[in-house]
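Quick notes on the structure that follows.
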Amino acid sequence: MIQTRIPQRYAVVCGLLRFPLEAALTLRKLFRLRAEGLIDGIVLSTWTPEVDREVAFITWARSQGVTVIHTLEHPDRGPTMLYTQARAVWLGLEAVPEGADVLKLRTDKTLDRIDGFVPLLAEGTSGASFLPGPHSAYSRKIAVLWAHVGRPFYFGDQAYFSTKKDATAALNFDARFHLTMMGLNPETKWWIRPICERFAFWREFFQNIDQFYSPNFIRLALSTPSVPRPPDIFYDFVAATLRGMADGFLFTVHNPAPVGLQDTGFRYSALFDMSNHPNSLAYEGLAAGRKTIALREGDSLPALVEGRVEPCPLSEGVRAALARQEKGPPQHFDSESFREWIEACGGSAQAAQVAPRPYVALPPLGASVEVDGTFLIEQLSRAAGGASEAESRDLLERLERQLGYGLPVARALFRSALEAERAGAPAEMVNAAICIAAQQKINEATLEFAMRALEGAPGVDAALADKLLDATCSRGVVDAFLLRALLLGWRPLSGTPAAVPAEAAMAEARAHSSLDAAFLDAASGAGGPRFDAESMAEFARSQGAAPYLIENLQRRMARLIAAGIVQPIAHAPDAALYSIAPTS
């Protein structure tokens, strides 16, 4: 039996150091994989101002055997900062030996995804799992996080595992991909340069079809009875999308189907349904502000490629197209037939190059291994507003118990801070940690930070709470609207009027069906619900609220009353009337 040699495996971690604690935890995870023989080297690629600001972090990383690459940022960042991100990866790859495998990660938002790559690290890209098919433009398959199938090659680029050769080939500094191809999101641009160079079908498809709007056009066409049967090129497009995914990529996504959906089938038309058919293989999500369909599990892809799906209006045409494409996609994309069926956008071909710039490579300082976690404790103290060593060590232990698949570091920090508070940790430390989590876009941390601003908690900046609430409202988080209305109207942020008046914020809360706002409105007159827990629960159930929403309502109202923000009028006949605390 011939044993296949596994190439050297390097981790290349790229990005800013805006959350050093998360970056440090990510590196520590890689140190453990290195100790287990799954990683041979680690490279950190960042920007010179980050190195100048985070001297302690860089010194610690180098002392643990990390090669640090840094340079000044190029003034041409490219569309959606694509050039900046690609350049960081390119510089990191320059420090990796030829012929090596590469696990590319970010300094943030990828720690909880590393475990999904561990079995693939053990196999290496020389293993059978990485053998590419005829629709692939890469030398071996590339393992990525997730796949949206509403748009071709819309795959997660935050973390992936491939050969160095393929990771380099994917880097896209070619301006034609935003000058001649409309609506491409950065994740798609990251992968399609080699694909478009090898297959004229895909190059012509992206040059003729606006990717930002095409999923909606397709949904509209499929749902309109008067539209004739889609042309063969439409079915070729769907088949080439599925085969391109299966032949060129592996997916580490793991979002198990909810109870009751495990045995449900999949329909090809669900790829474009406006209201997604519940099934075990895919789910409806948001991408670039628009609905799209994502795979629940990478292992479900073979069922789609092999045609093992439920009958639907598209099944016959897609199966026939899959059979036509055993050796690759069609030679060309029939844009005229497609244009007759769906409106599309095109562009003029232009090209430009980004010249490489000098960069700096800092070699490892030595091979010493830190065993007491001193550096991580210092980073946690920083994140927790200068907590003592003992407090930071306690918080780190709690944080490590929280970490796991699918749980971002910032959310784990938030939960650990609340746990530490229940154990008697100082309020300033807890509030500082909650603030850090809120700044990393953890919605529940933002809501808690805002509530503490209303309560006048120590070390909580009400103006910052409003800024964070505003961003959370923009993401459609319903509970944020009422808190923002209260924060704007009844705990003034400064001497100047708020950009959004409290009345407008309250109107937004009502418009977004806020249960809290509905309760306060109902309690504003005689005969409305009272403020005891039982009355709140009865009202919430009448609104069809889920049990956890009822608990949230009871908890928030109790805190607002305790803080004096909401004041039930005790002398009212049924104690339902309330008032808002006057502006101080």
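Brief remarks on what is shown
- Carbon and sulfur %, accessible surface of segment 411-453 computed with the full protein complex present, 1.4 Å: 46
- Averaged over its residues, segment 1-160 has an accessible area of 35 Å² per residue, based on protein heavy atoms and a 1.4 Å probe.
- Inter-part distance where segment 112-188 and segment 292-319 are each reduced to a Cα centre, Å: 21
- Pair-distance distribution P(r) for segment 411-453, from all Cα-Cα distances in 5 Å bins starting at 0: 5, 30, 37, 22, 5, 0 percent.
- Mean accessible surface per residue for segment 411-453, computed with a 1.4 Å probe while every protein chain stays in place, in Å²: 34
- A423-L179 FRET efficiency (beta carbon distance; Förster radius 60 Å; 0.05 resolution): 0.55
- Highest to lowest packing among 161-172, 127-138, scored as the average C-beta count within 10 Å: 161-172, 127-138
- Heavy-atom accessible surface of segment 1-120: percent carbon and sulfur, 1.4 Å: 53
- Rough spin-label spacing in nm, given labels placed 7 Å along Cα→Cβ, for A558 and A522: 1.9
- When each of K104/K164; K29/K141; K29/K164; K141/K164; K441/K467; K189/K441 is checked by Cα-Cα distance, pairs over 18 Å: K29/K141; K29/K164; K189/K441
The values are calculated or read from the model by the stated rules, or taken from the named source; none is laboratory data. Just so you know, these numbers come straight off a predicted model, no measurement behind them. No Cβ is skipped: glycine too gets one built from the backbone with ideal geometry, and neighbour counts run over all protein chains shown. We work out accessible area using only protein heavy atoms, side chains counted, and drop any ligands, DNA or RNA first. Shrake-Rupley method; radii C 1.70, N 1.55, O 1.52, S 1.80 Å.
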